[in-house]
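Reading through the structure tokens given below for one structure.
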């Protein structure tokens, strides 16, 4: 999470006065979210872990839109079609599981052909 905060604050600090919110959110989505999500799809995550990851994104939105109200943050995320990290992690975990199953099936088929 430290690397996510570092990247997000770098973006926020450098371009917050000259860029629109759409540009900042695009940079957050393309540069910072992969840093936050890296390697989590292979790990089982508890609800509290997912909440911690979402908290980082929600705090960035609070900072960007200068609010402390989570309802406003949720509305902004909905309006901007910005998925929370927990949603992205679930999608990435499903893709990861599908890839693992395909690899296991391939290995099993090769093992059967060798043993036969």
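Within the span defined as the stretch 66-82, one or more residues are modelled with pLDDT of 90 or more and within 12 Å of the chain's Cα centre (by Cα).
Would it be correct to say that residue 116 is exposed (fewer than 10 other Cβ atoms within 10 Å of the Cβ) and modelled with pLDDT under 80? Yes.
Note on the stretch 69-86: residues that are in a helix (DSSP H, G or I) and either touching a strand residue (DSSP E or B) at 6+ places or on another chain (Cβ under 6 Å) or more than 18 Å from residue 55 (Cβ to Cβ) (or both) total 1.
One residue alone among 50, 25, 89, 36 is crowded, with 16+ Cβ neighbours inside 10 Å, at pLDDT 90 or above and assigned to a helix (DSSP H, G or I), and that residue is 25. The single residue among 110, 99 that is under 17 Å from residue 38 (Cβ atoms), modelled with pLDDT of 80 or more, assigned to a helix (DSSP H, G or I) and more than 14 Å from the chain's Cα centre (by Cα) turns out to be 99.
Right, residue 14: assigned to a helix (DSSP H, G or I) and exposed (fewer than 12 other Cβ atoms within 10 Å of the Cβ) or not? Spelling it out, residue 14 is indeed assigned to a helix (DSSP H, G or I) and exposed (fewer than 12 other Cβ atoms within 10 Å of the Cβ).
The values are calculated or read from the model by the stated rules, or taken from the named source; none is laboratory data. Because the structure is predicted, anything quoted here is derived from the model rather than measured. Cβ sites come from the backbone with ideal geometry, for glycine too, and all protein chains shown count toward neighbours.
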